[in-house]
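One structure below.
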Amino acid sequence: MNEDMFLVEIFLPTFDNEGQRFSKAAFEAVRRELTDKFGGVTAFTRAPATGLWSDDAGHLHRDELAIFEVMSDALDRAWWTGYRQDLERRFRQEEIVVRATQSERI
């Protein structure tokens, strides 16, 4: 049976802008919130991904990222926008990337 779903990914920095590592509790809170809301979460936190990006002046920056994924039958854009803004405040970031991809469960 094929089911259309959404895969939502959240890319969280593991360090703040001053180079201090975020606490395990900060990531545990996100894991708990997503599990409570969606019934489960996949968290890639033990081997952070590396993100590279250029700012407006052309300077290359490097981030270590923890990635959280949830699957959902529907995409509540208003809820995700509010949650992203909350995460940006909590993790003291100008922008946190949250992306959704429509996918098919096989």
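The values are calculated or read from the model by the stated rules, or taken from the named source; none is laboratory data. Here the structure is a predicted model, which is why all the values come from computation and not from measurement. With ideal geometry, Cβ positions are generated from the backbone for all residues, glycine too; neighbour counts draw on all protein chains shown. Just so you know, the surface numbers come from the protein's heavy atoms only, side chains and all, with ligands and any DNA or RNA stripped out. Shrake-Rupley method; radii C 1.70, N 1.55, O 1.52, S 1.80 Å.
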Report, ordered by the first and then the second residue, all pairs with beta carbons closer than 9 Å, sequence separation of six or more or different chains, a first member in the stretch 89-101 that is more than 20 Å from ASP55 (Cβ to Cβ), and a second member that is polar (S, T, N, Q) and open to solvent by less than 70 Å² (accessible area, probe 1.4 Å). VAL98/THR81; ALA100/SER72
Of everything in the stretch 32-79, what is modelled with pLDDT of 95 or more, within 12 Å of the chain's Cα centre (by Cα) and among the aromatic types (Phe, Trp, Tyr)? Give them in sequence order. PHE68
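Just need a number here: residues in the stretch 16-25 that are farther than 21 Å from HIS61 by Cβ and small (Gly, Ala, Ser).
Count: 2.
Residues of the stretch 5-22 being farther than 19 Å from LYS37 by Cα and not hydrophobic (A, V, I, L, M, F, W, C), which ones?
So the first thing to find is which residues in the stretch 5-22 are farther than 19 Å from LYS37 by Cα, and the list is 13-22.
The answer is PRO13, THR14, ASP16, ASN17, GLU18, GLY19, GLN20, ARG21.
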